[in-house]
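Some notes on the structure that comes next.
The values are calculated or read from the model by the stated rules, or taken from the named source; none is laboratory data. Because the structure is predicted, anything quoted here is derived from the model rather than measured. Backbone-built Cβ (ideal geometry, glycine too); neighbour counts: all protein chains shown. When the accessible area is computed, the model is the full protein with side chains, heavy atoms only, and any ligands, DNA or RNA have been set aside. Shrake-Rupley method; radii C 1.70, N 1.55, O 1.52, S 1.80 Å.
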Amino acid sequence: METTVVEHDGAILARLESDDRVFEVRFDALEPTDVTLRFRRDGERVGSIYNDDGTKRTMARLTTAREGTDFIGVEVPKEFVVEILDAALETGRVTDETAAGGYRLRML
């Protein structure tokens, strides 16, 4: 599994690629709650990372339709989520650092 999490063109680009999945998101802000990380670009929610109900799987979701009703979801490893959260914190893109700490404590 290959991951890339870098600041690029005024945003963070996060990409995970393996033999059976590809996930890529570009965001300029990361909005944490105690159990979810929400990706925002230009003020709009473009996806999120959440724990699949009742399992240990961490899922990433991207909105695909303009109305925000269609989406794709893929399982992502927690190590990738840590990379995303760390990069967002280092670049000042987290909207609430206290909530990010709560997310890290509960989910990672």
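Across the range 27-35, computed HN-Hα scalar couplings (Karplus, 6.51 cos²θ - 1.76 cosθ + 1.60, θ = phi - 60°) run 9, 10, 8, 10, 9, x, 10, 5, 10 Hz from first to last residue, x flagging Gly and Pro. For the options THR64, THR98, THR55, a Gaussian network treatment of the chain with springs between C-alpha atoms closer than 10 Å singles out THR55 as fluctuating the most.
For the range 79-87, the Karplus equation 6.51 cos²θ - 1.76 cosθ + 1.60, evaluated at θ = phi - 60°, returns couplings of 4, 5, 5, 4, 4, 5, 4, 4, 5 Hz by residue, with Gly and Pro reported as x.
Note on the chain: with charges restricted to the Cβ of Lys and Arg (+1) and Asp and Glu (-1), its dipole about the Cα centre is near 280 debye. In square angstrom, what is the accessible area per residue of the chain with a 1.4 angstrom probe? Spelled out: the 1.4 Å probe surface of the chain, per residue, equals 59 Å².
ARG106 contributes an accessible area of around 130 Å² to the protein surface, as traced by a 1.4 Å probe with all chains present.
Rg ratio for the chain: its Cα radius of gyration over 2.2 N^0.38 Å, N being its residue count, equals 0.98. Across the range 2-107, the mean sequence separation of Cα contacts (distance under 8 Å, 6 or more residues apart), normalised by length, yields a relative contact order of 24 percent. The alpha carbon centroids of the range 4-18 and the range 39-59 are separated by 16 Å. Inter-label distance, ARG21 to THR33: 2.1 nm, where each label sits 7 Å from its Cα along the C-beta direction. Sparsely packed loop sites in the range 1-97 (the GluC sites (Glu not before Pro) outside DSSP H, G, I, E and B with at most 15 other Cβ atoms within 10 Å) comprise GLU67.
Around the amide H of VAL94, modelled in the peptide plane, lie the amide H atoms of LEU30, all under 5 Å away and 5 or more residues distant in sequence or on another chain. Shown in residue order for the range 88-103 are the 3J(HN,Hα) couplings computed by the Karplus curve 6.51 cos²θ - 1.76 cosθ + 1.60 at θ = phi - 60°: 5, 5, 5, 9, x, 9, 8, 6, 8, 5, 5, 5, 4, x, x, 4 Hz (x for Gly and Pro).
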